[in-house]
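Below is one structure, written out as structure tokens, with a few remarks after it.
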Amino acid sequence: MSNTNNNIESVLVENRVFPPDARALQGARISGMPAYEALCAEAAADFEGFWARQAKEHVVWTQPFTRTLDESNAPFYQWFDDGELNVSANCLDKHMGTPVEHKTAIVFEADDGTVTKISYRDLLGRVSQFANVLKAEGIQKGDRVVIYMPMTIEGVIAMQACARIGATHSVVFGGFSAKALQERIIDAGAVAVITANYQLRGGKELPLKAIVDEGIALGGCESIKTVLVYERTLSDWKRVEGRDKSFTEALDALEGQSHECAPVPVGAEHPLFILYTSGSTGKPKGVQHASGGYLLWAKLTMDWTFDLRPDDVFWCTADIGWITGHTYVAYGPLAAGATQVIFEGIPTFPHAGRFWQMIEQHKVSIFYTAPTAIRSLIKAAESDEKVHPKNWDLSSLRILGSVGEPINPEAWMWYHRNIGHEKCPIVDTFWQTETGGHVITPLPGATPLVPGSCTLPLPGIMAAIVDETGKDLPHGAGGMLVIKRPWPSMIRTIWNDPERFKKSYFPEEMGGTIYLAGDGAVRSEDRGYFRITGRIDDVLNVSGHRLGTMEIESALVAKTDLVAEAAVVGRPDDVTGEAVCAFVVLKRGRPTSDEEARKIAAELRSWVAKEIGPIAKPKDIRFGENLPKTRSGKIMRRLLRSIAKGEAITQDTSTLENPAILEQLGQAY
Ligand code: WTA
């Protein structure tokens, strides 16, 4: 059965509803739909008053704010802008002298299974010391620091230390290439890179520091004065004298000095971080987040969406290189005083039961992961009894979460039955790098669940579905997802490119002040529940990772000795959600044999891995003498998407100059 049929079937049968049971309702912060509706009504009646109340309740301000929302320069909205705070103090110092002080903040499980625990008090000590290192290196409030780190306690320490001194971090996922790193260093104008000699994943030692060297050597990175290296393994790394220091050396140099570091208060709008993400053009966008509104959201959604309680053990499996790892690893759990699990490795090593084994071992009560991981573990469990979740005791689980891509109802049901044992609500959280945290999601103690639906907006989130002109569409009609009013954790601008910020997210045709998410969605006729139907722009979602088709096209045509032209589209994939499919015209003409085609395809894949990162490697590569184009010379992407899916061609192809290419493109390598 093709995926399209699958989707249609799933939608048709989706009348299954799972209301919260007594266990989920009891003691929940937002217990029952009337409680949720009351919060929504409060926000609708007094929008600013509602957010001011939340910001006072959830954030510790060193200087209280008097203005809640400033819309005078929309869409450059400002929240709590005359207030001051420190984000790290809100995650650490705040807990000192409370029962959280000696609680475990992080349970770290290394790739090889070694477990290390650190308390809130000790984490504060480590963050303060490292913040002193940053200061000793001359890093100041407002400077940008690139973090290229594995999933470790040290990765979180690096982020928190930046926040502590008011430096703006930009974390680059450890799977990105030297070139991608270089582009981000240049765009951010970073003064330092924090990295590790190696990262350990799936039993393999992978270089990080060497990639930093390679990236800087590509040129244009003169702003970098310091590279700090966490020695994750005993292996040697090459040092650039005067620029590089190991963590140990940097800390030793502070010997005899105070281990404390007073948190630096910053304005609520001070940029806490820049995180690059893919958009519709070849160049990634530096999504800039503020301090006050972002922190509020991280804390608030831990309470609302995960209904966090003091004895919970929270585990979000996302890497700190993505927004999910920012909000629900580095900031949210700490701001909420949770005990959280951080895992260095991959879900399939040494076996595909690793996640379930870890849930049992650490008594995880809230588990938050991506549909891709679930789908690949379903496959593994179906083919090997030994890694089926039934082999582990998962009774500690209370709430399950899903993030990053649509979860198909089949995967939802498996998650519900085999992991949640039909007792744990699943929060299917819809959000984006730009939204800072959840915006549309069920609440575990209130919302009746429908598989495959992210259900309803959080209180105060004015989400709607509209047509191109911004007009509201009735329930049942598919359209564009928008958020009509600003919210505290929204993107503030695109770093270095305010015009692109306006153009990408606040289209003139809709009045210029409404946030356009870039996703298509539809609301159910009975409950008004939202279901995300996928991106409406040239962004792909592969294994929950955002990739721009243009970025991959640019990478392919940069292989100037081989490639004349390239087009990239997505196609559905059972495990990764979407897969990258590239259509390539070679300078030397089409490959003359399968063997040659396979060789060139392999060469192009490793080229893309070098240009962007292994996550961007095309799964299918198809070669044509040229690409199908309209009379005006535009590539017929819809046709390419049909070919990629293996569908029958229904589009009008009479304008094609060379119909033979349709057959040529039929073969994927
Ligand atoms: C998709 C990840 C359906 C969506 C937090 C969005 C989802 C993009 C969901 C953002 C969900 C995220 N259901 N689709 N629950 N969550 N998406 O910036 O297309 O990496 O626009 O942020 O992922 O990806 P990003």
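Taken as a whole, the structure leaves T533 outside the set of residues that are farther than 19 Å from R641 by Cβ and either assigned to a loop (DSSP other than H, G, I, E, B) or under 22 Å from the mean Cα position of the chain (by Cα) (or both).
For the structure I just gave you, tell me whether G175 is within 29 Å of the chain's Cα centre (by Cα), modelled with pLDDT under 95 and more than 30 Å from F80 (Cα to Cα). So G175 fits the description; yes.
Conditions (1) farther than 21 Å from A290 by Cα; (2) more than 16 Å from the ligand (Cβ to nearest atom), marked per residue:
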| site | (1), (2) |
| --- | --- |
| D472 | yes, yes |
| L481 | yes, no |
| K502 | no, yes |
| Y505 | no, no |
| E525 | yes, yes |
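Among strands (runs of 3 or more DSSP E) entirely within the range 540-654, having at least 3 residues that are surrounded by fewer than 23 Cβ atoms within 10 Å (Cβ to Cβ), among the small types (G, A, S) and more than 16 Å from the ligand (Cβ to nearest atom) singles out no element at all.
The residues of the range 382-414 that are among the hydrophobic types (A, V, I, L, M, F, W, C), within 15 Å of T576 (Cα to Cα) and either away from the ligand (no atom under 16 Å from the Cβ) or in a loop (DSSP other than H, G, I, E, B) (or both) amount to a single one, I407. Within the range 457-473, does at least one residue satisfy the condition of being of a type in the set (S, T, Y) and more than 22 Å from L296 (Cα to Cα)? Yes; the residues of the range 457-473 include at least one that is of a type in the set (S, T, Y) and more than 22 Å from L296 (Cα to Cα). Please verify whether the range 111-130 includes one or more residues that are aliphatic (A, V, I, L, M), in a loop (DSSP other than H, G, I, E, B) and surrounded by 22 or more Cβ atoms within 10 Å (Cβ to Cβ). The answer is no, given that none of the residues of the range 111-130 is aliphatic (A, V, I, L, M), in a loop (DSSP other than H, G, I, E, B) and surrounded by 22 or more Cβ atoms within 10 Å (Cβ to Cβ). Scanning the range 354-366 turns up one or more residues that are part of a loop (DSSP other than H, G, I, E, B), under 28 Å from G293 (Cα atoms) and away from the ligand (no atom under 14 Å from the Cβ). Annotation: of all residues in the range 367-381 being aliphatic (A, V, I, L, M) and more than 16 Å from the ligand (Cβ to nearest atom), the one that is farthest from the chain's Cα centre (by Cα) is A381. Criterion first (out of contact with any Gly (no Cβ under 7 Å at 6 or more places or on another chain), of a type outside the set (A, V, I, L, M) and over 22 Å from S31 (Cα atoms)) does D428 satisfy it? When the stated conditions are applied, D428 does not pass them. Say whether the condition of being within 14 Å of the ligand (Cβ to nearest atom), surrounded by fewer than 17 Cβ atoms within 10 Å (Cβ to Cβ) and either under 25 Å from V608 (Cα atoms) or modelled with pLDDT under 95 (or both) is met by at least one residue in the range 527-534. Yes: the range 527-534 contains one or more residues that are within 14 Å of the ligand (Cβ to nearest atom), surrounded by fewer than 17 Cβ atoms within 10 Å (Cβ to Cβ) and either under 25 Å from V608 (Cα atoms) or modelled with pLDDT under 95 (or both).
Cβ-Cβ distance below 8 Å, separation of 6 or more or different chains: which pairs start in the range 104-120 with a residue that is at pLDDT below 95 and end on one that is buried (at least 17 other Cβ atoms within 10 Å of the Cβ) and part of a strand (DSSP E or B)? Matching pairs, first to second residue: none at all. Only one entry in P448, P457, P425 is within 16 Å of the ligand (Cβ to nearest atom), more than 26 Å from M510 (Cα to Cα) and at pLDDT 95 or above, namely P425.
The values are calculated or read from the model by the stated rules, or taken from the named source; none is laboratory data. Here the structure is a predicted model, which is why all the values come from computation and not from measurement. Neighbour counts run over all protein chains shown; Cβ positions are idealised from the backbone, glycine included.
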